[in-house]
Amino acid sequence: MQTTLDDQQALAELNLSRVRPFQLREYPGLIRLCSILLFLAIWEYYGRGVDPIFLSYPTAIARAAVQVTASGELGQQFLLSMKAFVIGFGSAIVLGIGVGLLMGRYRLAQYLLDPYMYAMDATPRVALIPLLLLWFGLGIWSKVAIVFLSGLFPILINTFSGVKTVSGSLVEIGQAYGAKEGQIFRKIIAPATLPFIMAGVRVGVGRAVVGIITAEMFTAVTGLGAMLIVYSSSFATDKLFVPIILLALLGVALTEVVKALQSWLAPWKESERAESE
Amino acid sequence: MLEIRHLSKVFFERNDPRRSGLVALHDISFQVQGNEFICLLGPSGCGKTTLIRIAAGLLRADKGEVLVNGRPVIAPGRDRCMVFQNFGLLPWRTVMENVEFGLEIEGGPREERRRICQKYIELVGLQGFESYFPHQISGGMQQRVGIARALSKEPDILLMDEPFGAVDAQTREQLQEELMKIWATTNNTVLFVTHSIDESIYLADRVIVMKPRPGRIREEVKIDLPRPRWAVDVRADPRFAQLRTRIRELLRG
(Lines give C-alpha, C1' and ligand atoms only; values in the text may rest on other atoms or scores of the structure.)
Protein backbone atom coordinates (compact mmCIF):
# COMPACT_ATOMS: atom_id res chain seq x y z
CA MET A 1 0.00 0.00 0.00
CA GLN A 2 1.28 3.42 -0.92
CA THR A 3 1.27 5.64 2.14
CA THR A 4 3.33 8.62 1.01
CA LEU A 5 0.74 9.90 -1.43
CA ASP A 6 -0.65 13.23 -0.28
CA ASP A 7 -3.33 15.47 -1.71
CA GLN A 8 -0.91 17.62 -3.68
CA GLN A 9 0.72 14.63 -5.37
CA ALA A 10 -2.65 13.08 -6.12
CA LEU A 11 -3.75 16.32 -7.71
CA ALA A 12 -0.57 16.53 -9.77
CA GLU A 13 -0.95 12.95 -10.96
CA LEU A 14 -4.50 13.48 -12.06
CA ASN A 15 -3.35 16.54 -14.03
CA LEU A 16 -6.83 17.97 -14.42
CA SER A 17 -7.42 20.85 -16.75
CA ARG A 18 -8.00 24.04 -14.79
CA VAL A 19 -9.92 25.70 -17.59
CA ARG A 20 -13.63 25.41 -16.90
CA PRO A 21 -16.21 26.13 -19.59
CA PHE A 22 -17.92 29.51 -19.33
CA GLN A 23 -21.13 29.29 -17.34
CA LEU A 24 -23.34 32.34 -17.09
CA ARG A 25 -24.71 31.36 -13.67
CA GLU A 26 -21.24 31.78 -12.14
CA TYR A 27 -21.42 35.55 -12.71
CA PRO A 28 -24.35 36.70 -10.53
CA GLY A 29 -23.22 40.36 -10.58
CA LEU A 30 -23.22 40.48 -14.33
CA ILE A 31 -26.67 38.89 -14.57
CA ARG A 32 -28.09 41.34 -12.03
CA LEU A 33 -26.56 44.32 -13.82
CA CYS A 34 -27.99 43.20 -17.18
CA SER A 35 -31.40 42.67 -15.57
CA ILE A 36 -31.44 46.17 -14.07
CA LEU A 37 -30.26 47.84 -17.29
CA LEU A 38 -32.86 45.99 -19.32
CA PHE A 39 -35.59 46.94 -16.85
CA LEU A 40 -34.58 50.62 -16.95
CA ALA A 41 -34.47 50.60 -20.76
CA ILE A 42 -37.97 49.11 -21.06
CA TRP A 43 -39.30 51.53 -18.44
CA GLU A 44 -37.72 54.48 -20.27
CA TYR A 45 -39.09 53.38 -23.65
CA TYR A 46 -42.70 52.70 -22.62
CA GLY A 47 -42.78 55.21 -19.73
CA ARG A 48 -42.44 58.13 -22.15
CA GLY A 49 -45.72 57.15 -23.76
CA VAL A 50 -47.72 57.24 -20.49
CA ASP A 51 -49.41 60.35 -19.03
CA PRO A 52 -46.73 61.83 -16.65
CA ILE A 53 -49.38 62.12 -13.91
CA PHE A 54 -49.51 58.33 -13.59
CA LEU A 55 -46.02 57.22 -14.39
CA SER A 56 -42.72 58.88 -14.90
CA TYR A 57 -39.58 57.43 -16.53
CA PRO A 58 -35.96 57.06 -15.40
CA THR A 59 -34.39 60.11 -17.08
CA ALA A 60 -37.20 62.37 -15.87
CA ILE A 61 -36.82 60.99 -12.35
CA ALA A 62 -33.07 61.58 -12.53
CA ARG A 63 -33.70 65.17 -13.58
CA ALA A 64 -36.18 65.61 -10.70
CA ALA A 65 -33.64 64.07 -8.30
CA VAL A 66 -30.98 66.60 -9.34
CA GLN A 67 -33.53 69.39 -8.90
CA VAL A 68 -34.70 68.45 -5.37
CA THR A 69 -31.14 67.68 -4.29
CA ALA A 70 -29.75 70.99 -5.62
CA SER A 71 -32.49 72.95 -3.86
CA GLY A 72 -31.43 71.30 -0.61
CA GLU A 73 -34.93 70.02 0.01
CA LEU A 74 -34.13 66.32 -0.24
CA GLY A 75 -31.09 66.52 2.01
CA GLN A 76 -32.92 68.53 4.63
CA GLN A 77 -35.94 66.25 4.75
CA PHE A 78 -33.73 63.18 4.72
CA LEU A 79 -31.77 64.46 7.70
CA LEU A 80 -35.00 65.21 9.58
CA SER A 81 -36.18 61.65 9.00
CA MET A 82 -32.82 60.20 9.97
CA LYS A 83 -32.58 62.23 13.16
CA ALA A 84 -35.82 60.78 14.46
CA PHE A 85 -34.72 57.36 13.22
CA VAL A 86 -31.39 57.40 15.03
CA ILE A 87 -32.82 58.60 18.36
CA GLY A 88 -35.78 56.22 18.26
CA PHE A 89 -33.95 53.17 17.01
CA GLY A 90 -30.96 53.77 19.27
CA SER A 91 -33.18 53.73 22.34
CA ALA A 92 -35.03 50.67 20.99
CA ILE A 93 -31.71 48.80 20.76
CA VAL A 94 -30.60 49.76 24.28
CA LEU A 95 -33.92 49.04 25.97
CA GLY A 96 -34.74 45.99 23.83
CA ILE A 97 -31.46 44.27 24.66
CA GLY A 98 -31.48 45.26 28.33
CA VAL A 99 -35.05 44.21 29.08
CA GLY A 100 -34.74 41.13 26.83
CA LEU A 101 -31.71 39.88 28.78
CA LEU A 102 -33.47 40.41 32.11
CA MET A 103 -36.69 38.73 30.96
CA GLY A 104 -34.78 35.79 29.51
CA ARG A 105 -32.68 35.20 32.62
CA TYR A 106 -35.19 35.87 35.41
CA ARG A 107 -38.60 34.22 35.45
CA LEU A 108 -40.01 36.93 37.71
CA ALA A 109 -39.16 39.64 35.17
CA GLN A 110 -40.54 37.44 32.40
CA TYR A 111 -43.94 36.88 33.98
CA LEU A 112 -44.21 40.52 35.09
CA LEU A 113 -43.51 41.92 31.63
CA ASP A 114 -44.44 39.37 28.98
CA PRO A 115 -48.19 40.20 28.84
CA TYR A 116 -47.27 43.73 27.69
CA MET A 117 -44.63 42.46 25.32
CA TYR A 118 -46.99 40.13 23.50
CA ALA A 119 -49.93 42.58 23.54
CA MET A 120 -47.85 45.45 22.23
CA ASP A 121 -46.19 43.32 19.60
CA ALA A 122 -49.56 42.11 18.34
CA THR A 123 -50.95 45.66 18.08
CA PRO A 124 -50.36 47.18 14.62
CA ARG A 125 -48.08 50.16 15.19
CA VAL A 126 -50.10 52.22 12.71
CA ALA A 127 -53.04 52.08 15.08
CA LEU A 128 -50.98 53.93 17.68
CA ILE A 129 -50.02 56.85 15.44
CA PRO A 130 -53.09 59.04 16.13
CA LEU A 131 -52.60 58.56 19.86
CA LEU A 132 -48.90 59.32 19.68
CA LEU A 133 -49.59 62.47 17.66
CA LEU A 134 -52.01 63.55 20.34
CA TRP A 135 -49.38 63.01 23.03
CA PHE A 136 -46.23 64.22 21.32
CA GLY A 137 -47.53 66.66 18.70
CA LEU A 138 -46.42 67.12 15.09
CA GLY A 139 -42.72 67.54 15.86
CA ILE A 140 -39.88 65.08 16.02
CA TRP A 141 -40.93 63.32 19.25
CA SER A 142 -43.99 61.60 17.84
CA LYS A 143 -41.75 60.20 15.08
CA VAL A 144 -39.16 59.13 17.61
CA ALA A 145 -41.88 57.36 19.58
CA ILE A 146 -43.20 55.45 16.59
CA VAL A 147 -39.70 54.42 15.46
CA PHE A 148 -38.95 53.30 19.00
CA LEU A 149 -42.10 51.21 19.25
CA SER A 150 -41.62 49.73 15.78
CA GLY A 151 -38.01 48.71 16.38
CA LEU A 152 -38.29 47.70 20.03
CA PHE A 153 -40.29 44.48 19.89
CA PRO A 154 -38.35 42.50 17.30
CA ILE A 155 -35.17 43.23 19.28
CA LEU A 156 -36.78 42.57 22.66
CA ILE A 157 -38.45 39.32 21.61
CA ASN A 158 -35.35 38.02 19.82
CA THR A 159 -33.09 38.82 22.76
CA PHE A 160 -35.54 37.23 25.18
CA SER A 161 -35.95 34.03 23.19
CA GLY A 162 -32.20 33.96 22.52
CA VAL A 163 -31.46 33.93 26.25
CA LYS A 164 -34.11 31.23 26.71
CA THR A 165 -32.47 29.11 24.02
CA VAL A 166 -28.96 29.32 25.45
CA SER A 167 -29.90 29.29 29.10
CA GLY A 168 -30.08 25.51 29.47
CA SER A 169 -26.88 23.95 28.24
CA LEU A 170 -24.38 26.79 27.97
CA VAL A 171 -25.26 28.41 31.29
CA GLU A 172 -24.76 25.03 32.93
CA ILE A 173 -21.18 24.94 31.66
CA GLY A 174 -20.56 28.25 33.39
CA GLN A 175 -22.11 26.93 36.58
CA ALA A 176 -20.14 23.69 36.41
CA TYR A 177 -16.94 25.75 36.34
CA GLY A 178 -18.09 27.88 39.25
CA ALA A 179 -18.96 31.09 37.36
CA LYS A 180 -20.79 33.75 39.34
CA GLU A 181 -23.96 35.42 38.03
CA GLY A 182 -22.08 38.41 36.59
CA GLN A 183 -19.60 36.13 34.83
CA ILE A 184 -22.43 34.03 33.43
CA PHE A 185 -24.00 37.18 31.95
CA ARG A 186 -20.72 38.54 30.56
CA LYS A 187 -18.98 35.40 29.43
CA ILE A 188 -21.89 33.17 28.41
CA ILE A 189 -25.28 34.81 27.95
CA ALA A 190 -24.17 38.00 26.23
CA PRO A 191 -21.96 36.39 23.55
CA ALA A 192 -24.32 33.45 23.05
CA THR A 193 -27.31 35.75 22.55
CA LEU A 194 -25.50 38.15 20.23
CA PRO A 195 -26.56 36.39 16.99
CA PHE A 196 -30.20 36.44 18.15
CA ILE A 197 -29.93 40.12 19.05
CA MET A 198 -28.50 40.94 15.64
CA ALA A 199 -31.28 39.01 13.91
CA GLY A 200 -33.75 41.08 15.92
CA VAL A 201 -31.97 44.31 14.97
CA ARG A 202 -32.18 43.29 11.33
CA VAL A 203 -35.94 42.82 11.49
CA GLY A 204 -36.29 45.94 13.66
CA VAL A 205 -34.49 48.15 11.13
CA GLY A 206 -37.07 47.33 8.47
CA ARG A 207 -40.00 47.90 10.81
CA ALA A 208 -38.54 51.18 12.04
CA VAL A 209 -38.20 52.55 8.49
CA VAL A 210 -41.83 51.64 7.81
CA GLY A 211 -42.76 53.30 11.11
CA ILE A 212 -41.09 56.62 10.41
CA ILE A 213 -42.47 56.94 6.88
CA THR A 214 -45.98 56.10 8.04
CA ALA A 215 -45.77 58.66 10.82
CA GLU A 216 -44.49 61.33 8.43
CA MET A 217 -47.23 60.60 5.94
CA PHE A 218 -49.80 61.10 8.68
CA THR A 219 -48.42 64.42 9.82
CA ALA A 220 -47.23 65.53 6.35
CA VAL A 221 -45.03 68.20 7.93
CA THR A 222 -41.42 67.04 7.69
CA GLY A 223 -39.31 64.18 6.41
CA LEU A 224 -39.34 61.86 3.41
CA GLY A 225 -42.86 60.68 4.24
CA ALA A 226 -44.10 64.27 4.04
CA MET A 227 -42.39 64.65 0.65
CA LEU A 228 -44.34 61.65 -0.59
CA ILE A 229 -47.66 63.24 0.41
CA VAL A 230 -46.79 66.68 -0.94
CA TYR A 231 -45.62 65.44 -4.36
CA SER A 232 -48.42 62.96 -4.83
CA SER A 233 -51.12 65.51 -4.03
CA SER A 234 -49.53 67.95 -6.48
CA PHE A 235 -49.21 65.22 -9.15
CA ALA A 236 -45.43 65.73 -9.41
CA THR A 237 -44.96 62.04 -10.12
CA ASP A 238 -41.35 62.34 -11.27
CA LYS A 239 -40.41 63.98 -7.96
CA LEU A 240 -42.54 61.48 -6.07
CA PHE A 241 -40.24 58.69 -7.24
CA VAL A 242 -37.17 60.36 -5.71
CA PRO A 243 -37.95 59.70 -2.01
CA ILE A 244 -39.28 56.24 -2.93
CA ILE A 245 -35.99 55.27 -4.56
CA LEU A 246 -34.02 56.85 -1.73
CA LEU A 247 -36.00 54.76 0.77
CA ALA A 248 -35.35 51.60 -1.22
CA LEU A 249 -31.61 52.38 -1.20
CA LEU A 250 -31.74 53.23 2.50
CA GLY A 251 -33.44 49.92 3.27
CA VAL A 252 -30.82 47.96 1.34
CA ALA A 253 -27.95 49.93 2.91
CA LEU A 254 -29.22 49.47 6.48
CA THR A 255 -29.72 45.74 5.97
CA GLU A 256 -26.20 45.43 4.58
CA VAL A 257 -24.78 47.33 7.56
CA VAL A 258 -26.54 44.98 9.99
CA LYS A 259 -25.36 41.93 8.00
CA ALA A 260 -21.78 43.21 8.15
CA LEU A 261 -22.16 43.79 11.90
CA GLN A 262 -23.51 40.27 12.28
CA SER A 263 -20.53 38.64 10.69
CA TRP A 264 -18.15 40.94 12.54
CA LEU A 265 -19.69 40.40 15.98
CA ALA A 266 -20.65 36.74 15.63
CA PRO A 267 -18.19 35.15 13.19
CA TRP A 268 -18.67 31.70 14.75
CA LYS A 269 -22.24 31.74 13.44
CA GLU A 270 -21.06 32.42 9.90
CA SER A 271 -21.00 28.79 8.79
CA GLU A 272 -24.45 28.07 10.20
CA ARG A 273 -25.92 31.13 8.54
CA ALA A 274 -24.40 30.28 5.20
CA GLU A 275 -26.14 26.91 5.38
CA SER A 276 -29.52 28.33 6.29
CA GLU A 277 -29.54 31.01 3.62
CA MET B 1 -12.37 9.99 47.64
CA LEU B 2 -15.95 10.16 46.49
CA GLU B 3 -18.78 8.77 48.54
CA ILE B 4 -22.41 8.52 47.48
CA ARG B 5 -24.73 8.01 50.45
CA HIS B 6 -28.37 6.94 50.14
CA LEU B 7 -28.96 9.28 47.26
CA SER B 8 -32.53 9.75 45.96
CA LYS B 9 -33.94 12.14 43.42
CA VAL B 10 -37.52 12.58 42.18
CA PHE B 11 -38.61 14.65 39.18
CA PHE B 12 -42.13 16.05 39.22
CA GLU B 13 -43.88 16.71 35.96
CA ARG B 14 -45.34 20.19 35.92
CA ASN B 15 -48.60 19.10 34.31
CA ASP B 16 -48.96 15.81 36.12
CA PRO B 17 -52.31 16.04 37.99
CA ARG B 18 -51.47 13.21 40.39
CA ARG B 19 -48.04 14.62 41.16
CA SER B 20 -46.77 11.05 41.16
CA GLY B 21 -43.29 12.01 40.00
CA LEU B 22 -40.52 10.03 38.38
CA VAL B 23 -38.06 8.42 40.76
CA ALA B 24 -34.80 9.01 38.91
CA LEU B 25 -32.62 7.70 41.72
CA HIS B 26 -33.66 5.46 44.61
CA ASP B 27 -31.33 5.03 47.56
CA ILE B 28 -28.01 4.85 45.72
CA SER B 29 -24.87 4.24 47.74
CA PHE B 30 -21.31 3.46 46.69
CA GLN B 31 -17.76 4.61 47.26
CA VAL B 32 -15.01 5.52 44.85
CA GLN B 33 -11.41 5.33 46.08
CA GLY B 34 -8.75 7.81 45.06
CA ASN B 35 -7.36 7.19 41.55
CA GLU B 36 -10.12 4.71 40.81
CA PHE B 37 -11.92 4.62 37.46
CA ILE B 38 -15.63 3.87 37.87
CA CYS B 39 -18.16 3.48 35.06
CA LEU B 40 -21.87 3.97 35.61
CA LEU B 41 -23.56 1.78 33.05
CA GLY B 42 -27.24 1.48 32.26
CA PRO B 43 -30.02 2.11 29.77
CA SER B 44 -31.50 5.58 29.30
CA GLY B 45 -33.71 6.56 32.20
CA CYS B 46 -31.71 4.71 34.85
CA GLY B 47 -30.61 7.97 36.42
CA LYS B 48 -26.89 7.78 35.64
CA THR B 49 -26.76 11.30 34.24
CA THR B 50 -28.85 12.59 37.16
CA LEU B 51 -26.36 11.00 39.53
CA ILE B 52 -23.33 12.59 37.91
CA ARG B 53 -25.05 15.98 37.81
CA ILE B 54 -25.74 15.75 41.54
CA ALA B 55 -22.10 14.82 42.10
CA ALA B 56 -21.07 17.84 40.03
CA GLY B 57 -23.25 20.09 42.20
CA LEU B 58 -25.48 21.11 39.30
CA LEU B 59 -28.53 19.41 40.77
CA ARG B 60 -29.79 18.99 44.33
CA ALA B 61 -30.62 15.54 45.70
CA ASP B 62 -33.94 15.04 47.51
CA LYS B 63 -32.45 12.59 50.00
CA GLY B 64 -28.92 11.52 50.82
CA GLU B 65 -25.64 13.23 50.04
CA VAL B 66 -22.44 13.16 48.05
CA LEU B 67 -19.18 13.49 49.97
CA VAL B 68 -15.88 14.51 48.42
CA ASN B 69 -12.97 13.84 50.76
CA GLY B 70 -15.48 13.80 53.60
CA ARG B 71 -17.11 17.16 52.76
CA PRO B 72 -20.69 17.25 51.42
CA VAL B 73 -21.21 18.62 47.91
CA ILE B 74 -23.54 21.63 47.81
CA ALA B 75 -22.34 23.42 44.69
CA PRO B 76 -19.83 23.00 41.85
CA GLY B 77 -16.29 23.20 43.14
CA ARG B 78 -12.74 23.14 41.88
CA ASP B 79 -12.17 19.62 43.22
CA ARG B 80 -14.59 18.25 40.58
CA CYS B 81 -14.65 18.97 36.85
CA MET B 82 -17.24 17.90 34.35
CA VAL B 83 -16.82 16.71 30.76
CA PHE B 84 -20.09 17.03 28.88
CA GLN B 85 -21.77 14.70 26.42
CA ASN B 86 -22.28 17.36 23.73
CA PHE B 87 -18.76 18.74 24.45
CA GLY B 88 -20.11 21.94 26.02
CA LEU B 89 -17.71 24.22 24.20
CA LEU B 90 -18.38 27.92 23.82
CA PRO B 91 -18.62 28.44 20.05
CA TRP B 92 -17.29 32.01 20.11
CA ARG B 93 -14.07 30.97 21.82
CA THR B 94 -11.03 29.38 20.20
CA VAL B 95 -9.62 26.08 21.38
CA MET B 96 -7.18 27.89 23.70
CA GLU B 97 -9.86 30.23 25.05
CA ASN B 98 -12.19 27.30 25.70
CA VAL B 99 -9.52 25.40 27.61
CA GLU B 100 -8.76 28.59 29.56
CA PHE B 101 -12.39 29.08 30.57
CA GLY B 102 -12.20 27.18 33.85
CA LEU B 103 -9.08 28.96 35.11
CA GLU B 104 -10.31 32.29 33.78
CA ILE B 105 -13.43 32.05 35.97
CA GLU B 106 -11.17 31.59 38.98
CA GLY B 107 -9.03 34.58 38.07
CA GLY B 108 -5.29 34.50 38.52
CA PRO B 109 -2.48 35.68 36.26
CA ARG B 110 -3.02 35.23 32.54
CA GLU B 111 0.50 34.06 31.77
CA GLU B 112 0.28 31.26 34.32
CA ARG B 113 -3.13 30.26 32.92
CA ARG B 114 -1.79 30.11 29.37
CA ARG B 115 1.13 27.96 30.45
CA ILE B 116 -1.05 25.41 32.26
CA CYS B 117 -3.56 25.26 29.42
CA GLN B 118 -0.84 24.86 26.81
CA LYS B 119 0.39 21.84 28.75
CA TYR B 120 -3.02 20.17 28.68
CA ILE B 121 -3.65 21.10 25.04
CA GLU B 122 -0.46 19.22 24.25
CA LEU B 123 -1.47 16.33 26.50
CA VAL B 124 -4.67 15.79 24.52
CA GLY B 125 -2.77 16.19 21.24
CA LEU B 126 -4.22 19.49 20.06
CA GLN B 127 -1.05 21.54 19.64
CA GLY B 128 -1.27 23.57 16.46
CA PHE B 129 -5.04 23.97 16.81
CA GLU B 130 -5.02 26.57 19.62
CA SER B 131 -6.54 29.33 17.51
CA TYR B 132 -9.20 27.21 15.77
CA PHE B 133 -12.88 27.66 16.58
CA PRO B 134 -14.91 24.60 17.63
CA HIS B 135 -16.89 24.51 14.36
CA GLN B 136 -13.62 24.22 12.45
CA ILE B 137 -12.52 20.97 14.10
CA SER B 138 -14.00 17.45 14.26
CA GLY B 139 -16.21 16.10 17.04
CA GLY B 140 -13.39 13.99 18.42
CA MET B 141 -11.13 17.03 18.61
CA GLN B 142 -13.89 19.08 20.22
CA GLN B 143 -14.17 16.55 23.02
CA ARG B 144 -10.40 16.66 23.51
CA VAL B 145 -10.87 20.37 24.14
CA GLY B 146 -13.56 19.51 26.69
CA ILE B 147 -11.19 17.08 28.41
CA ALA B 148 -8.28 19.55 28.39
CA ARG B 149 -10.56 22.21 29.90
CA ALA B 150 -11.53 19.87 32.74
CA LEU B 151 -7.94 18.70 33.34
CA SER B 152 -6.56 22.24 33.37
CA LYS B 153 -8.15 22.80 36.76
CA GLU B 154 -6.29 19.74 38.01
CA PRO B 155 -9.32 18.36 39.83
CA ASP B 156 -9.30 15.42 42.21
CA ILE B 157 -12.36 14.00 40.50
CA LEU B 158 -13.18 13.97 36.82
CA LEU B 159 -16.89 13.59 36.05
CA MET B 160 -17.55 12.42 32.52
CA ASP B 161 -21.13 12.29 31.23
CA GLU B 162 -21.17 10.03 28.15
CA PRO B 163 -18.26 12.02 26.74
CA PHE B 164 -17.77 9.82 23.68
CA GLY B 165 -21.45 9.28 22.90
CA ALA B 166 -21.53 11.83 20.10
CA VAL B 167 -18.52 10.69 18.04
CA ASP B 168 -18.17 7.90 15.48
CA ALA B 169 -17.09 4.40 16.48
CA GLN B 170 -13.44 4.61 15.36
CA THR B 171 -12.87 8.01 16.94
CA ARG B 172 -14.51 6.65 20.05
CA GLU B 173 -12.03 3.80 20.45
CA GLN B 174 -9.16 6.15 19.76
CA LEU B 175 -10.41 8.59 22.41
CA GLN B 176 -10.87 5.76 24.92
CA GLU B 177 -7.27 4.72 24.44
CA GLU B 178 -6.02 8.28 24.76
CA LEU B 179 -8.10 8.83 27.87
CA MET B 180 -6.44 5.74 29.40
CA LYS B 181 -3.00 7.12 28.58
CA ILE B 182 -3.85 10.55 29.97
CA TRP B 183 -5.36 9.07 33.09
CA ALA B 184 -2.20 7.02 33.64
CA THR B 185 -0.27 10.30 33.96
CA THR B 186 -2.81 12.50 35.80
CA ASN B 187 -4.29 9.86 38.14
CA ASN B 188 -7.60 11.60 38.77
CA THR B 189 -10.51 9.74 40.27
CA VAL B 190 -12.94 9.24 37.40
CA LEU B 191 -16.70 8.77 37.40
CA PHE B 192 -17.65 7.94 33.83
CA VAL B 193 -21.23 7.57 32.58
CA THR B 194 -21.83 5.41 29.53
CA HIS B 195 -24.38 3.10 27.96
CA SER B 196 -21.77 1.11 26.06
CA ILE B 197 -20.87 -2.20 27.69
CA ASP B 198 -17.55 -2.47 25.82
CA GLU B 199 -16.56 1.06 26.74
CA SER B 200 -17.20 0.42 30.41
CA ILE B 201 -15.18 -2.82 30.45
CA TYR B 202 -12.28 -1.27 28.54
CA LEU B 203 -12.04 1.76 30.83
CA ALA B 204 -13.16 0.87 34.32
CA ASP B 205 -11.77 -0.67 37.47
CA ARG B 206 -15.37 -1.28 38.53
CA VAL B 207 -18.59 -1.05 36.53
CA ILE B 208 -21.70 -0.06 38.43
CA VAL B 209 -24.61 -1.52 36.51
CA MET B 210 -27.83 0.45 36.99
CA LYS B 211 -31.46 -0.22 36.11
CA PRO B 212 -34.36 2.14 35.59
CA ARG B 213 -37.76 2.84 37.15
CA PRO B 214 -36.77 3.56 39.81
CA GLY B 215 -33.10 4.23 39.08
CA ARG B 216 -31.01 1.97 41.32
CA ILE B 217 -27.87 -0.14 41.35
CA ARG B 218 -28.25 -3.61 39.88
CA GLU B 219 -24.78 -4.83 40.71
CA GLU B 220 -21.15 -3.83 40.87
CA VAL B 221 -18.79 -5.69 38.54
CA LYS B 222 -15.09 -5.67 39.21
CA ILE B 223 -13.03 -5.47 36.00
CA ASP B 224 -9.80 -7.34 36.74
CA LEU B 225 -8.25 -6.96 33.31
CA PRO B 226 -4.59 -5.96 33.52
CA ARG B 227 -3.43 -2.42 32.86
CA PRO B 228 -2.26 -0.79 30.68
CA ARG B 229 -5.05 -2.03 28.45
CA TRP B 230 -3.84 -0.37 25.25
CA ALA B 231 -0.57 -2.31 25.08
CA VAL B 232 -2.26 -5.54 24.00
CA ASP B 233 -5.64 -5.88 22.37
CA VAL B 234 -7.60 -6.32 25.57
CA ARG B 235 -10.89 -6.49 23.68
CA ALA B 236 -9.72 -9.82 22.22
CA ASP B 237 -9.02 -11.26 25.70
CA PRO B 238 -11.44 -14.12 26.55
CA ARG B 239 -12.06 -12.52 29.95
CA PHE B 240 -13.29 -9.42 28.15
CA ALA B 241 -15.94 -11.55 26.39
CA GLN B 242 -16.95 -13.19 29.67
CA LEU B 243 -17.40 -9.83 31.36
CA ARG B 244 -19.41 -8.58 28.40
CA THR B 245 -21.76 -11.60 28.62
CA ARG B 246 -22.14 -11.20 32.36
CA ILE B 247 -22.93 -7.49 32.20
CA ARG B 248 -25.33 -7.98 29.32
CA GLU B 249 -27.23 -10.50 31.42
CA LEU B 250 -27.31 -8.07 34.34
CA LEU B 251 -28.75 -5.37 32.11
CA ARG B 252 -31.45 -7.74 30.82
CA GLY B 253 -32.47 -9.25 34.14
Task: chain A pair-distance distribution - Cα-Cα, 5 Å bins, rounded % - done: 1, 5, 9, 11, 11, 11, 11, 10, 9, 7, 5, 4, 3, 2, 1, 0, 0
Open item on the list: Could you identify which residue out of A:E44, A:E13, A:E216 has the top mean-square fluctuation in a GNM of chain A using Cα springs shorter than 10 Å?
Closed with: A:E13
Task: Shape metrics for segment A:70-180, restricted to C-alpha atoms - Rg then Dmax, Å - done: 18.4, 65
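Taking square-rooted eigenvalues a ≥ b ≥ c of the alpha carbon gyration tensor, is segment A:1-154 rounded, prolate or oblate, where a/c under 1.5 means rounded and, failing that, a/b exceeding b/c means prolate?
Details: a/c = 3.26, a/b = 1.26, b/c = 2.58.
Oblate shape, in that a/c is at least 1.5 and b/c is the bigger or equal ratio.
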Open item on the list: Kirkwood Rh over alpha-carbon pairs of the protein assembly as shown, then Stokes-Einstein at 20 °C and 1.002 mPa s: what D in µm² s⁻¹, rounded to an integer?
Closed with: 75
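With a 1.4 Å probe on protein heavy atoms only, work out how much accessible surface A and B bury together, total over both chains, in Å² to the nearest 100.
1800
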Open item on the list: Under the rule of at least 5 residues apart or a separate chain, name every residue whose amide H is placed under 5 Å from the amide H of B:L25.
Closed with: B:K9, B:G215
- [ ] Quick one: among A:F160, A:F22, A:F136, which has the greatest mean-square fluctuation in a GNM of chain A with alpha-carbon springs under 10 angstrom?
- [x] A:F22
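State the extension gain, in nm to one decimal, for the chain segment bounded by B:E220 and B:D27, taking 0.36 nm per residue of separation less the distance between their alpha-carbons. Don't jump to the answer; show the numbers that get you there.
Working: separation 193, 0.36 × 193 = 69.48 nm, distance 1.51 nm.
Answer, rounded to one decimal: 68.0 nm.
Can you compute the equivalent ellipsoid semi-axes for segment B:90-157, i.e. the square root of 5 times each eigenvalue of the Cα gyration tensor, sorted largest first and rounded to whole Å? Don't skip to the answer; put the middle values down first.
On the way: eigenvalues 64, 31, 24 Å².
Result for segment B:90-157: semi-axes of 18, 13, 11 Å.
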Task: Simple label model, 7 Å out from Cα along Cβ direction - A:Y118 to A:I42, nm - done: 4.7
Task: Spin-label model distance (nm) - B:N69 vs B:R235, 7 Å beyond Cα toward Cβ - done: 3.7
- [ ] Take the Cα atoms of segment A:173-220, find their three principal axes, and give me the spread along each one in whole Å, biggest first.
- [x] 58, 16, 9
Open item on the list: Can you give me the distance in nm between label points at B:E173 and A:A253, each placed 7 Å from the Cα along the Cα-to-Cβ direction?
Closed with: 6.2
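Between rounded, prolate and oblate, where does chain B land on the alpha carbon gyration tensor, with a ≥ b ≥ c its root eigenvalues, rounded for a/c under 1.5, else prolate if a/b exceeds b/c?
Working: a/c = 1.72, a/b = 1.23, b/c = 1.39.
Judged from the Cα gyration tensor, chain B comes out oblate (a/c at least 1.5, b/c at or above a/b).
Nearest 0.05, what FRET efficiency do B:R246 and B:E13 give at R0 = 30 Å with Cβ-Cβ as r? Working shown, then result.
Values: r = 36 Å, r/R0 = 1.20.
Efficiency, from the Cβ-Cβ distance: 0.25.
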TODO: Could you pull out every residue, at least 5 positions away or on a different chain, whose amide H is within less than 5 Å of the one on B:M210? Hs are placed 1.01 Å off N in the peptide plane, and Pro or chain starts have none.
DONE: B:L41, B:G42, B:R218
Task: chain B: most fluctuating residue of B:P72, B:P134, B:P163 per GNM, C-alpha cutoff 10 Å - done: B:P72
TODO: Mind listing, in residue-number order, the residues in segment A:182-205 that have at least 50 Å² less accessible area with every protein chain present than in their own chain alone (1.4 Å probe)?
DONE: A:K187
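Tell me, rounded to the nearest percent, the portion of alpha carbon pairs in segment A:40-92 spaced more than 18 Å apart.
Details: 740 of 1378 pairs.
Roughly 54 percent, rounded to a whole number.
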Task: Whole-angstrom gap from segment B:178-253 to segment A:215-253, using each part's C-alpha centre - done: 74
Open item on the list: Would you report the distance distribution of C-alpha pairs in segment B:13-131 as whole percents per 5 angstrom bin, up to the bin with the largest distance?
Closed with: 2, 8, 14, 17, 16, 14, 12, 8, 4, 2, 1, 0
Task: Cα centroid separation, segment A:198-212 to segment A:49-113 (Å) - done: 9
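Counting only protein heavy atoms and using a 1.4 Å probe, what share of the accessible area of the protein assembly as shown belongs to carbon plus sulfur, as a whole percent?
60
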- [ ] Please give the residues from segment B:49-82 for which the solvent-accessible area of heavy atoms, probe 1.4 Å, is smaller by at least 40 Å² with all protein chains in place than with the chain isolated.
- [x] B:L58, B:P76
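Taking the Cα centre of the protein assembly as shown as the origin, how large is its charge dipole in debye, to the nearest 20, when only Lys and Arg (+1) and Asp and Glu (-1) carry charge on their Cβ atoms? Walk me through the numbers on the way to the answer.
Numbers: 58 positive and 51 negative charges, 221 e Å.
For the protein assembly as shown, the charge dipole is close to 1060 debye.
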Open item on the list: Please report the spacing between the Cα centers of segment B:32-56 and segment A:124-150 in Å, no decimals.
Closed with: 59
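The values are calculated or read from the model by the stated rules, or taken from the named source; none is laboratory data. All values reported here derive from a predicted model rather than from experimental measurement. All Cβ positions, even for glycine, are placed from backbone atoms using ideal geometry, and neighbour counts span all protein chains on display. The accessibility values were calculated without ligands, DNA or RNA, using every heavy atom of the protein model including side chains. Shrake-Rupley method; radii C 1.70, N 1.55, O 1.52, S 1.80 Å.
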